[in-house]
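Asks: Let me give you the structure first, and then I'll get to my questions.
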Amino acid sequence: MGSRRRRPHHHHGPWLVPAVAPAAAAFAAAGLLLVVVAFHCFLSPPLGDGGGARVVRRPNPPFLLNKPAEVARSVIGAVDFTVPSGGSKLGEELWESKAAGNFFGCSKATKQFADAKAVTKSDRYLMIATSGGLNQQRTGIIDAVVAARILNATLVIPKLDEESFWNDASDFAEIFDVDSFIYSLSNDVKVIRQLPDMNGKKLSPYKMRIPRKCTPKCYENRVLPALLKKHVVQLTKFDYRVSNRLETDLQKLRCRVNYHALQFTDPILRMGQLLVQRMKAKSGRFIALHLRFEPDMLAFSGCYYGGGDIERRELGEIRKRWKSLHASNPDRERRHGKCPLTPEEVGLMLRALGFGKDVHLYVASGDVYGGEETLAPLKALFPNFHSKETLASKEELAPFLPYSSRMAALDFIVCDRSDVFMTNNNGNMARMLAGRRRYFGHRRTIRPNAKKLYSLFLNRTSMSWDTFASKVLTFQKGFMGEPNEIKPGRGEFHEHPMDCICAKSKGKIGQSRPHQIKRAGEAAENHSSDGDLDWRDLDYGEHTPLGRDSSNESESDDIRVGGSDIPELEDMMSD
């Protein structure tokens with residue numbers, strides 16, 4: 001009995017456990033070592049250039065540590081993703097298009113466009129109250145001139161928005177050259193500084209609001225009756241209130257306003273030109289990047305960048321500003337190319353296109369979400385990293401610092417004069433600059449094909465650098481600012497001013513079917529409202545409920561969905 005109680009495993013105990021323990025201990029030690037090495041690789045700085053290459057890890061701002069799966073994937077794949085520090089062999093083709101010299105801006109009025117003196121009625125005055133930031137206001141000013149011409153009215157210098165998110169008290173004359181504006185447009189529209197007295201009394205404007213993308217017929221039906229009766233009409237919240245598609249003469253008028261009449265004041269021009277000179281002195285030529293990776297931008301976009309609950313909570317709080325925004329679906333937004341690239345993704349894209357680490361980068365941006373750690377991968381790829389704050393002293397910037405629009409104007413000038421401009425979103429400043437650069441010689445303008453690049457960035461560590469770079473080059477065809485990237489009649493006019501671009505050899509381009517384009521546009525836009533906007537194509541801005549400037553402001557153009565009022569979306573648009 002005693003021998004039966006002594007089971008075999010008791011006999012084996014003294015030698016079996018010691019035999020397993022060392023093996024388990026060794027396995028555990030090896031696993032621990034592997035984990036330590038992995039995290040060391042992840043948290044350590046990028047490797048030096050060595051033989052002309054840099055190993056670039058995934059961005060690791062603090063919030064990315066909430067995604068262990070992302071960390072593991074990056075660590076495993078990064079060893080094969082070696083990013084060269086040098087540029088490509090494309091050379092000059094990278095900096096400018098070979099075809100650019102075949103085109104030029106042409107916005108002179110045709111003989112059929114009557115002089116302002118012949119068409120302006122003496123008892124019609126149009127006032128405009130713009131909306132949003134600098135470039136959103138710019139669209140309002142441009143279209144105000146067009147609206148005045150449609151109505152045969154005298155235009156009073158537009159009033160700029162001083163109460164929105166941008167909180168800039170600058171008036172028109174503090175940002176734009178009023179004398180140049182009035183003189184340049186004297187043949188097109190009569191413009192005056194302020195409303196005159198009539199019979200010794202100050203005129204009181206009749207305030208109203210019109211739908212977005214209002215056609216000439218829309219202005220004639222909605223605004224002209226009030227103008228004939230009241231003589232002075234003020235259109236409020238005025239931005240994108242004129243149809244995108246107009247007859248050629250009115251489109252050319254838009255271009256004359258945008259590219260010739262609307263000039264910044266001398267102090268802004270001088271400071272902007274000084275910044276350009278300092279960039280040119282450093283490198284001869286440079287890239288300007290409109291980064292747009294601020295917290296507000298990310299919150300408005302509804303995108304998600306792997307920051308877990310912290311990111312969702314922080315951006316969610318900001319997102320509450322726009323009560324009419326639909327529920328966020330980050331995966332869908334990213335798949336559809338509606339999300340800004342991360343700073344690291346921007347850097348990798350530029351390197352894949354062929355820009356080496358010696359290239360100088362001017363970055364127009366506010367406070368980047370995640371701060372310096374978010375910017376670190378971009379700065380590692382392009383260490384010659386500049387901004388207006390690094391190029392100018394505090395004393396030099398002091399006159400502009402309290403005014404967001406004047407600071408934005410400085411960035412606008414540098415981006416406009418850059419050899420290559422890259423935009424990371426499709427907002428007002430990006431569109432304005434893209435169109436301007438096309439008009440003045442098709443200077444290189446790069447827009448990420450975010451929809452195609454999304455999956456490529458997601459899976460980049462599973463492929464070699466050469467494969468990745470090749471795919472980037474393929475995906476970016478048609479997004480590099482080449483002439484004729486957009487078919488005639490397509491695209492937003494400020495970004496693609498086709499009616500104002502001519503070819504040296506074959507005459508005017510983009511007008512093969514101008515009348516067909518106009519008729520198709522009128523039918524679609526005649527009854528448009530803010531509900532026609534693609535929200536994701538807008539920038540962000542301060543959103544406030546639709547307010548009434550006076551008791552006589554038109555209430556007919558609010559958006560109604562399911563019987564309830566939804567505030568207008570103008571103030572979502574920013575620069």
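The values are calculated or read from the model by the stated rules, or taken from the named source; none is laboratory data. No experiment lies behind these values; they were computed from the predicted model shown. All Cβ positions, even for glycine, are placed from backbone atoms using ideal geometry, and neighbour counts span all protein chains on display. Quick note on the areas: whole protein, heavy atoms, side chains included, nothing else; ligands and nucleic acids left out. Shrake-Rupley method; radii C 1.70, N 1.55, O 1.52, S 1.80 Å.
Asks: May I ask you to say which residue of Asp179, Asp249 is without any contact (Cβ under 8 Å) to a residue 40 or more places away in the chain, outside the structural domain of His496 (by the TED database) and in a helix (DSSP H, G or I)?
Replies: Numbers: Asp249 fails: without any contact (Cβ under 8 Å) to a residue 40 or more places away in the chain.
Asp179 is the lone residue from the list that is without any contact (Cβ under 8 Å) to a residue 40 or more places away in the chain, outside the structural domain of His496 (by the TED database) and in a helix (DSSP H, G or I).
Asks: Out of (1) assigned by the TED database to the domain that holds Ser186; (2) surrounded by fewer than 16 Cβ atoms within 10 Å (Cβ to Cβ); (3) not basic (Lys, Arg), the odd one out for Thr120 is which?
Replies: Every condition holds for Thr120 apart from (2).
Asks: Just to confirm my filter: which helices (runs of 4 or more DSSP H) fall fully inside the stretch 323-396 and include at least 1 residues that are buried (at least 16 other Cβ atoms within 10 Å of the Cβ), in contact (Cβ under 8 Å) with a residue 40 or more places away in the chain and outside the structural domain of Leu473 (by the TED database)?
Replies: Values: elements: 330-335, 343-353, 371-381, 388-391.
Once the helices (runs of 4 or more DSSP H) in the stretch 323-396 are filtered for at least 1 residues that are buried (at least 16 other Cβ atoms within 10 Å of the Cβ), in contact (Cβ under 8 Å) with a residue 40 or more places away in the chain and outside the structural domain of Leu473 (by the TED database), nothing remains.
Asks: For the stretch 183-240, which positions are surrounded by fewer than 18 Cβ atoms within 10 Å (Cβ to Cβ), in a loop (DSSP other than H, G, I, E, B) and of a type in the set (A, V, I, L, M)?
Replies: If the condition is that a residue be surrounded by fewer than 18 Cβ atoms within 10 Å (Cβ to Cβ), in a loop (DSSP other than H, G, I, E, B) and of a type in the set (A, V, I, L, M), then Leu195, Leu203 are the ones that fit.
Asks: Going by the structure shown, is Leu94 part of a strand (DSSP E or B), more than 26 Å from Arg406 (Cβ to Cβ) and open to solvent by less than 40 Å² (accessible area, probe 1.4 Å)?
Replies: Working: part of a strand (DSSP E or B): no; more than 26 Å from Arg406 (Cβ to Cβ): yes; open to solvent by less than 40 Å² (accessible area, probe 1.4 Å): yes.
No, not satisfied.
Asks: Another question, then. Can you find a residue in the stretch 245-258 that is of a type in the set (Ser, Thr, Tyr) and within 21 Å of the chain's Cα centre (by Cα)? It would help to see each step written out before you state the result.
Replies: Here is the first cut: in the stretch 245-258, the residues of a type in the set (Ser, Thr, Tyr) are 248.
From the residues that got through so far, the ones that are within 21 Å of the chain's Cα centre (by Cα) too are none.
No, every residue in the stretch 245-258 fails to be of a type in the set (Ser, Thr, Tyr) and within 21 Å of the chain's Cα centre (by Cα).
Asks: Next question. Being at negative phi and in contact (Cβ under 8 Å) with a residue 60 or more places away in the chain: is that true of Asn459 here?
Replies: The answer is no for Asn459.
Asks: List the pairs whose first member sits in the stretch 104-120 and is farther than 16 Å from Val145 by Cβ, whose second member is at pLDDT 95 or above and not hydrophobic (A, V, I, L, M, F, W, C), and whose Cβ atoms are under 6 Å apart, counting only residues at least 6 apart or on separate chains?
Replies: Cβ pairs passing all conditions: Gly105/Tyr439; Thr110/Asp249.
Asks: From the list Leu160, Leu151, which one is in the same structural domain as Met208 (by the TED database), in contact (Cβ under 8 Å) with a residue 12 or more places away in the chain and closer than 16 Å to Ala408 by Cα? Step through it out loud before you land on a result.
Replies: Details: Leu151 fails: closer than 16 Å to Ala408 by Cα.
Testing whether each residue is in the same structural domain as Met208 (by the TED database), in contact (Cβ under 8 Å) with a residue 12 or more places away in the chain and closer than 16 Å to Ala408 by Cα leaves just Leu160.
Asks: Output yes when any residue across the stretch 278-287 is in contact (Cβ under 8 Å) with a residue 60 or more places away in the chain and part of a loop (DSSP other than H, G, I, E, B), and no when none is. Even if it seems obvious, please write down each step before you answer.
Replies: Here is the first cut: in the stretch 278-287, the residues in contact (Cβ under 8 Å) with a residue 60 or more places away in the chain are 278-279, 282-283, 285-287.
Pick out the ones that are also part of a loop (DSSP other than H, G, I, E, B) and you get 285-286.
Checking the stretch 278-287: at least one residue is in contact (Cβ under 8 Å) with a residue 60 or more places away in the chain and part of a loop (DSSP other than H, G, I, E, B).
Asks: Just for the stretch 281-322: of the residues that are in contact with a strand residue (DSSP E or B) (Cβ under 9 Å, 6 or more places away or on another chain), buried (at least 21 other Cβ atoms within 10 Å of the Cβ) and not hydrophobic (A, V, I, L, M, F, W, C), which one is modelled with the highest pLDDT?
Replies: His290
Asks: OK, next. Are there any pairs with C-beta distances below 9 angstrom linking a residue in the stretch 468-488 that is closer than 10 Å to Met349 by Cβ and without any contact (Cβ under 8 Å) to a residue 60 or more places away in the chain to a residue that is of a type in the set (A, V, I, L, M) and part of a helix (DSSP H, G or I), with the two at least 6 apart or on different chains, and if so which?
Replies: Close Cβ pairs (under 9 Å, with a partner that is of a type in the set (A, V, I, L, M) and part of a helix (DSSP H, G or I)) amount to Phe475/Leu453; Phe475/Leu456.
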